[in-house]
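What follows draws every value from the coordinates through simple rules; no lab data is involved. Small disclaimer: the values here were computed from a predicted structure and weren't measured. No Cβ is skipped: glycine too gets one built from the backbone with ideal geometry, and neighbour counts run over all protein chains shown.
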Amino acid sequence: MWSGETVSVVLMTYNEKDSIRGVIDDFFATGVVDEVLVVNNNAQAGTTEEVEKTDARQVFEARQGYGHAVRRGLKEAEGDLIVLAEPDGTFLAADIVKLLAYSTDCDVVLGTRTTREMIWDGANMGWFLKWGNWAVAKLVEVLFNTSHLSDVGCTYRLMRRDTARWMAENMSVGGSHAGPEMMLLAITSGTRLVEVPVNYLPRVGTSSVTGHPAKAVLLGLTMVRFIIAARLGRSGRASDSA
């Protein structure tokens, strides 16, 4: 609990069997998390069993894709404050207090992984990913004349429950570019938002998207296309897949 409000952490999982149990335990160990909700998105064999060894609650989302899993989590989480994170070991559970600290002033708090001092040795944040995420975030900042942004792809973010429910009802993207869609929905609806730096650690295992350069480039181009379409008033409904 944080300042009298309950806190839920939502973890969307597909390929994180070897790390998810430790991540769940780390979030509970912070002392501020009331619920960890795991959205099992057709995850690899053995994931369910690892989750069942913890105090987390697990739901199953059959529609494949990051956006579908996020939407399910935003609808199902019960906390007053809902935090999205990754179960792959790339985020520090302790950094949740950075997001919570701004929850009184803002309805959405976005993490950023592009602060040099907080990128750990071995983290998957090389030149291309760092500056690619920064550049696309700046594109959003310029096109929508919004608050300072420096990372379009950071999953670690907080929403108040009413905002999370509204977000889930208005999301259209089922694939990996759902992150920018949530950002744009917050911006265009006038939601109060702020961005804060978070630590970024080496991943356990290999990402099914950013772990492959060609897929990472394709995802970046999809994000840019989506953002420009949204600015032109076509809401970027161009693609519902990653």
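For the stretch 1-111, rounded, prolate or oblate, judged on the Cα gyration tensor with a ≥ b ≥ c (square roots of eigenvalues), a/c < 1.5 rounded, else prolate if a/b > b/c?
Numbers: a/c = 1.90, a/b = 1.50, b/c = 1.27.
Prolate is the answer for the stretch 1-111, as a/c is 1.5 or above and a/b outweighs b/c.
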Exercise for the section: May I ask for the distance between the Cα centers of the stretch 121-195 and the stretch 1-76, given as a whole number of Å? Expected result: 20
Completion exercise
So, over other residues within a Cβ distance under 14 Å of TRP131, counting Lys, Arg +1 and Asp, Glu -1, the net charge is +3
Practice task
Rounded to the nearest 500, what is the 222 nm mean residue ellipticity of the chain from helices alone, with -39500 (n - 2.57) per DSSP H run of 4+ residues and division by all residues?
Solution key: -11500 deg cm²/dmol
Problem - Spatially proximal lysines relative to LYS138 (Cα-Cα < 19 Å; intrachain offsets below 8 disregarded) - result: LYS130
Handout entry: Set of lysines near LYS53 by C-alpha distance (under 25 Å), chain-local residues within fewer than 8 positions excluded
Key = LYS17, LYS75
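Order these peptides, 73-79, 50-56, by their mean beta-carbon neighbour count within 10 angstrom, highest first. Working shown, then result.
Numbers: 73-79: 20.1, 50-56: 16.7.
With the highest mean Cβ count within 10 Å placed first, the list reads 73-79, 50-56.
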Problem - Relative contact order computed over the chain (Cα-Cα under 8 Å; 6+ residues apart), in percent - result: 23
Completion exercise
SER172 and ILE228 label points (each 7 Å along its Cα→Cβ direction) are spaced in nm at 1.8
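Any chance you could run the full-extension gain for LEU218 through GLN44? It's 0.36 nm times the residue separation minus the Cα-Cα distance, nm to one decimal. Let's see the in-between values first.
On the way: separation 174, 0.36 × 174 = 62.64 nm, distance 2.39 nm.
Separation in residues times 0.36 nm, less the Cα-Cα distance, equals 60.2 nm.
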Exercise for the section: With +1 on each Lys and Arg Cβ and -1 on each Asp and Glu Cβ, and nothing else charged, work out how big the dipole of the chain is about its Cα centre, in Debye to the nearest 20. Expected result: 1040
Fill in the blank from the handout: Once phi for every residue in the stretch 191-204 is put through the Karplus expression 6.51 cos²θ - 1.76 cosθ + 1.60 (θ = phi - 60°), the whole-Hz ³J(HN,Hα) values, with Gly and Pro written as x, are 5, 6, 9, 8, 10, 10, x, 10, 5, 10, 9, x, 7, 7
